[in-house]
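As structure tokens, the structure follows; a few thoughts come after it.
The values are calculated or read from the model by the stated rules, or taken from the named source; none is laboratory data. Quick caveat, the model's predicted, so the values are computed rather than measured. Heads up, the Cβs are rebuilt from the backbone with ideal geometry, glycines too, and the neighbour counts pull from every protein chain shown.
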Amino acid sequence: MQRVLLLFLCLIFLGSITACNFSSSNSPKKIYTDGGLDLPIPPEGYRWAIFPKIKYAMLRPVEWHETHSPANGSFTGSVSKEDVRKEGKFRTGASVTLIDNIRKRSGATPTEFMLAWARAEREKEGVEVIRVDPVMDFGSFKKEIHRVKFTGSEGYPILVHKVFQSFDELDQVYIVYFECPAKEWDRNEKIWRTIFNGFFKYGK
């Protein structure tokens with residue numbers, strides 16, 4: 001019964017909301033950014049998107065757009081090729097979502113919630129699972145990665161690469177993902193690899 005309830009809560013979140021891992025090959029020099037945060041100099045053609053509400057930073061191509069979207073009990077920051085404020089959504093882009101107060105909301109630990117959420121996504125009808133990595137334990141947080149393919153509302157296949165992070169002490173789960181039309185995945189490989197080599201949570 002508890003597992004059913006947990007999966008149900010995860011699916012509700014899925015319907016309502018559509019690690020420090022910076023590459024050592026980047027320059028060790030620092031820059032001073034808005035908010036007084038010191039960050040590595042980004043690769044050429046990229047800049048930092050900083051989401052102070054959830055203390056998260058991620059790289060984005062300089063010509064891409066940045067969106068901050070607070071919601072009840074969560075927050076999503078996005079970087080995208082399309083302007084979400086004009087088009088209402090994006091076809092190609094990355095997002096980071098914070099879900100807070102996990103124990104109060106679900107009765108589960110953040111890690112239990114994260115695993116249930118990820119499993120529920122993979123078990124949805126019409127979803128093709130491309131990749132699932134074993135859960136990795138980094139001490140202060142745990143991480144799971146998967147990649148799935150499904151047909152979106154506009155009728156074309158979409159690929160989504162998603163990183164789940166659970167912080168049990170902070171009672172938080174972060175979900176970071178990149179998505180684009182499946183036929184454009186290879187064309188966007190350099191972009192999504194750069195983004196996923198340069199996103200992290202800072203502070204507490």
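Of note:
- Just one of the listed residues (ASP186, ASP171) is acidic (Asp, Glu), on the phi > 0 side of the Ramachandran plot and surrounded by fewer than 19 Cβ atoms within 10 Å (Cβ to Cβ), namely ASP171.
- Residue match in region 131-140 (condition: part of a strand (DSSP E or B), out of contact with any strand residue (DSSP E or B) (no Cβ under 7 Å at 6 or more places or on another chain), buried (at least 20 other Cβ atoms within 10 Å of the Cβ) and not β-branched (Val, Ile, Thr)): no
- Counted residues, region 141-152 - those being assigned to a loop (DSSP other than H, G, I, E, B) and over 15 Å from GLN172 (Cα atoms): 1
- Figure legend. Inter-residue proximity from region 144-169: first residues modelled with pLDDT of 95 or more, second residues among the polar types (S, T, N, Q) and in a strand (DSSP E or B), beta-carbon distance below 7 Å, spacing 6+ or different chains. Indicated pairs: PRO157/THR151.
- If the condition is being at pLDDT below 95, among the charged types (D, E, K, R) and under 14 Å from GLU169 (Cα atoms), then region 92-111 contributes ASP100, LYS104.
- Candidates ILE54, ILE17, ILE50 - the one that is surrounded by 13 or more Cβ atoms within 10 Å (Cβ to Cβ), at pLDDT below 55 and either closer than 24 Å to TRP192 by Cβ or among the aromatic types (Phe, Trp, Tyr) (or both): ILE17
- Every residue from region 50-80 that is closer than 13 Å to SER95 by Cβ and of a type in the set (D, E, K, R): ARG60, GLU66
- Total residues in region 83-107, condition surrounded by fewer than 21 Cβ atoms within 10 Å (Cβ to Cβ) and more than 19 Å from ARG193 (Cα to Cα): 13
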